[in-house]
There are 6 protein chains.
Amino acid sequence: MTTRNETRLERGKRQLARIDGEGGQRVIEALADIAPDFATYLLEFPFGDIYSRPGLPLRDRELATISALAAMGNAEPQLKVHIQAGLNTGLSRQEIVETLMHISVYAGFPAALNGLFAAKEVFAAAEPS
Amino acid sequence: MTTRNETRLERGKRQLARIDGEGGQRVIEALADIAPDFATYLLEFPFGDIYSRPGLPLRDRELATISALAAMGNAEPQLKVHIQAGLNTGLSRQEIVETLMHISVYAGFPAALNGLFAAKEVFAAAEPS
Amino acid sequence: MTTRNETRLERGKRQLARIDGEGGQRVIEALADIAPDFATYLLEFPFGDIYSRPGLPLRDRELATISALAAMGNAEPQLKVHIQAGLNTGLSRQEIVETLMHISVYAGFPAALNGLFAAKEVFAAAEPS
Amino acid sequence: MTTRNETRLERGKRQLARIDGEGGQRVIEALADIAPDFATYLLEFPFGDIYSRPGLPLRDRELATISALAAMGNAEPQLKVHIQAGLNTGLSRQEIVETLMHISVYAGFPAALNGLFAAKEVFAAAEPS
Amino acid sequence: MTTRNETRLERGKRQLARIDGEGGQRVIEALADIAPDFATYLLEFPFGDIYSRPGLPLRDRELATISALAAMGNAEPQLKVHIQAGLNTGLSRQEIVETLMHISVYAGFPAALNGLFAAKEVFAAAEPS
Amino acid sequence: MTTRNETRLERGKRQLARIDGEGGQRVIEALADIAPDFATYLLEFPFGDIYSRPGLPLRDRELATISALAAMGNAEPQLKVHIQAGLNTGLSRQEIVETLMHISVYAGFPAALNGLFAAKEVFAAAEPS
């Protein structure tokens, strides 16, 4: 997963492209004129460090991310980026829907509903399943 | 996973025993004198309905549960029950630790730290790994 | 309140129509192509089980719902549906406004303000008081 | 409810004693050596202003408070004070239990469980029902 | 900071105008037809009481407000009003950006990103720095 | 503030010792047997990267941290560590108390109360002011 001598920033860029695709790239670009250093941290710590660790596959990391963001219910743009990231890393649409339904038990029905409607938008914008 | 003619309540009891073990049973018993109907709902909806669905294995459901509860950070007793439930349904200690470290990206370092310290207590009380 | 031999799903449909009216029906329909089983759960557990219980009138249940959703502050669509549901089940506009002002003490002024502005939209869309 | 010429502080003290009883008084005393001005604000704004308003009876205000605090799940001491305040202002034990069960729909089962266990402690410490 | 004999309401109006400028005035006006008493409370308690206290300068109070609202992540309109208020009371754009980046440690990267994008909008609407 | 050629980890250790003192060191040690890599990340990203940035003094960073943690209300151990860190980096007891009182406006009275009682414990354990 990691190339020898790759810096954290390089590894983070590679992982972001693989995981979040265009959605991630747009976030990095949107930071350029307000907080370019934060774009660097975002690439380095979440993607260069955490997502690059062995011990939990990317598909499982996205399942955890979708679950956390849907439960918190206050970060809709990031939830959508990571529903797409889940599709990019091996989660099926059905698994994402099951995860969001599951959240109703722990964070209530509104959190689950808002997560499902976010997934509906992401699925509609993606290629046909 | 589901036996023909089993009621939701029966299926929920079977699933709770399998997933949460003694921790789940203690919750049901603690409800007996304050809200016995809620014990029934807890068995029927989360365990009889949601955890009994195909489409996402129990191991993945516990990964989602641990992630959601650690991110919300306001339900420590339930987080501990589900860290044990994760061990019961196929998550390794390493996978649970990775999930909790992962949460730092989405809910901050304190949420991850409090989740890791909850896991430390659960692991210490369990059989040696 | 409950008709003999009615299933949970039938009772839930009847309660949803009575409580949430068109707003609730739109949620059920929006789930049809993404998570139809979740529409069933939503009818069965919240409406067929919880809202159908004696011991707390629907008007009080909506007061509790409005208070919880306004305090959490992360489920605006559901807050609006339940402000309308409050009107449908016996809360006056004044009581809803008082509840939302009250929330400032427990969840802060922004939560109260966002709840009041949600109520303003719902009241404007409803028949004149 | 309001005596002519009473100051906000006097009215707040009267309301706090009526609503929260000893639990409220202990909070005021605990603030004396760290933030005595905050004790004054607590008496004046929540109790002198908000709880003293007509338009929503104290029993309904406590129902809203219990619902909000149980849903937020991060203020257990205050939740317990207001479960007792609910009993003091006309909510029955059954109504409080129904409210806390109701919260499972909007904030998840852990929030409802932690609220019910808080109620169990408060009820046990109160006079027999 | 406080003029002798000024009422809490008068002091609050003066402070709101100084701190939040037009954004604050629009909130007061928007409350006029739904909850005019709440406009009074908003002027009296947060602005007439809290923001008028000595012991912490307005610049520091806005730093605390921006940090709290960005961390909670569920009050975007108020966050924007207070990013502008931060500029009005002596915080530089750089200090606001640093505060929002800092929040990533305690509330996660999505909370920081959403705060930074809110700041980007407010800065774009303000006079050129 | 930064020594040439210092690694992120070295800088983070230096900053943690300066800011959080013994409280921070205990957290690092408690992670040793459950998630030693997370101790490294904690030193590197929050302390080696964020707290080491120019543009916002440590005193202001702790004011932001205290405000965020008190508003979220779900990380009491970390709130206490950072109230001590505030004292270590130049906040007076009065400024910390003002910040926590200020939070009542944005996150409600219970969040402010729980923050003030946390401060009371930290102040009592520290040297006399």
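Summarising the amide proton neighbourhood of E:Ala75: residues at separation of 5 or more, or on other chains, whose placed amide H is nearer than 5 Å comprise an empty set.
Placing +1 on the Cβ of every Lys and Arg and -1 on the Cβ of every Asp and Glu, with no other charges, gives the protein assembly as shown a dipole of roughly 0 debye about its Cα centre. For the protein assembly as shown, the square roots of the Cα gyration tensor eigenvalues, ordered a ≥ b ≥ c, give a/c below 1.5, which places it in the rounded category.
Across the stretch D:67-80, coupling constants 3J(HN,Hα) worked out from phi with the 6.51/-1.76/1.60 Karplus curve, θ = phi - 60°, read 5, 5, 5, 5, 5, 5, x, 10, 8, 4, x, 5, 4, 5 Hz, and Gly and Pro carry x. Measuring from the axis that maps chain B onto chain D, the chain B residue with the nearest beta carbon and its rounded distance in angstrom come out as B:Asn74, 3.
Averaging the sequence gap over all C-alpha pairs within less than 8 Å and six or more residues apart, then dividing by the number of residues, gives chain F a relative contact order of 23 percent. Phi-derived couplings, Karplus 6.51 cos²θ - 1.76 cosθ + 1.60 at θ = phi - 60°, listed residue by residue for the stretch A:25-33: 4, 5, 5, 4, 5, 5, 7, 4, 9 Hz, with x used for Gly and Pro. Helical runs (DSSP H, four residues minimum) scored at -39500 (n - 2.57) apiece and divided by the length of the protein assembly as shown put the mean residue ellipticity at 222 nm at -22000 deg cm²/dmol. Checked against a 32 Å cut-off, the cross-linked pairs A:Lys80/E:Lys80; B:Lys120/C:Lys80; C:Lys13/C:Lys120; B:Lys120/E:Lys80; A:Lys80/D:Lys120 give Cα-Cα distances beyond that limit for B:Lys120/C:Lys80; B:Lys120/E:Lys80; A:Lys80/D:Lys120.
Using the Cβ of F:Gly90 as centre and a radius below 10 Å, the other residues enclosed give a net charge of -2, where K and R count +1 and D and E count -1. In terms of its C-alpha gyration tensor, the stretch A:1-54 comes out prolate, because a/c is 1.5 or above and the ratio a/b outweighs b/c. Taking Cα centre as origin and charging only the Cβ of basic (Lys, Arg, +1) and acidic (Asp, Glu, -1) residues, the dipole magnitude of the stretch F:1-54 rounds to 320 debye. Each copy carries a label point for D:Glu121 at 7 Å from Cα toward Cβ; from one copy, the others' points are 1.3, 1.3, 3.8, 4.0, 4.1 nm away, ordered from shortest. These residues, E:Phe123, E:Phe45, E:Phe117, go from largest to smallest accessible area, 1.4 Å probe, as E:Phe117, E:Phe123, E:Phe45.
Springs join every pair of Cα atoms under 10 Å in this Gaussian network model of chain C, and among C:Leu31, C:Leu116, C:Leu43 the largest mean-square fluctuation is at C:Leu31. B:His82 exposes around 10 Å² of accessible area when a 1.4 Å probe is run over every protein chain in place. Taken about its Cα centre, the stretch F:59-129 carries a charge dipole of roughly 40 debye when the Cβ of each Lys and Arg holds +1 and the Cβ of each Asp and Glu holds -1. Peptides D:18-29, C:103-114 ranked from most to least packed, by the mean per-residue count of other Cβ atoms within 10 Å: C:103-114, D:18-29. In sequence order, the stretch E:110-121 has phi-based couplings of x, 4, 5, 4, 5, x, 5, 6, 5, 4, 4, 5 Hz under the Karplus curve 6.51 cos²θ - 1.76 cosθ + 1.60, θ = phi - 60°, and Gly or Pro positions carry x. Compared with the dominant principal axis of the Cα atoms in chain C, helix C:93-107 is inclined by about 70°. Distances between equivalent label points of F:Asn5 across the copies, with each point positioned 7 Å along Cα→Cβ, amount to 2.2, 7.1, 8.1, 8.1, 8.9 nm, shortest listed first. Which FRET efficiency value, to the nearest 0.05, is calculated for B:Ala124 and D:Arg18 with the Förster distance at 60 angstrom and r the Cβ-Cβ distance? In this case the efficiency is close to 0.80. With the charge dipole of the stretch F:24-123 set up from +1 on Lys and Arg Cβ and -1 on Asp and Glu Cβ about the Cα centre, the Cα lying farthest toward the positive end among the listed residues F:Ala107, F:Gln78, F:Ala30 is that of F:Ala107.
A protection proxy built from the mean count of other Cβ atoms within 10 Å ranks the segments A:49-56, B:62-69, most packed first, as B:62-69, A:49-56.
The values are calculated or read from the model by the stated rules, or taken from the named source; none is laboratory data. Just so it is clear, the structure is predicted and the values come from calculations on it, not from any experiment. Don't worry about glycine lacking a Cβ; one is built from the backbone with ideal geometry, like all the others, and counts go over all protein chains shown. The accessibility values were calculated without ligands, DNA or RNA, using every heavy atom of the protein model including side chains. Shrake-Rupley method; radii C 1.70, N 1.55, O 1.52, S 1.80 Å.
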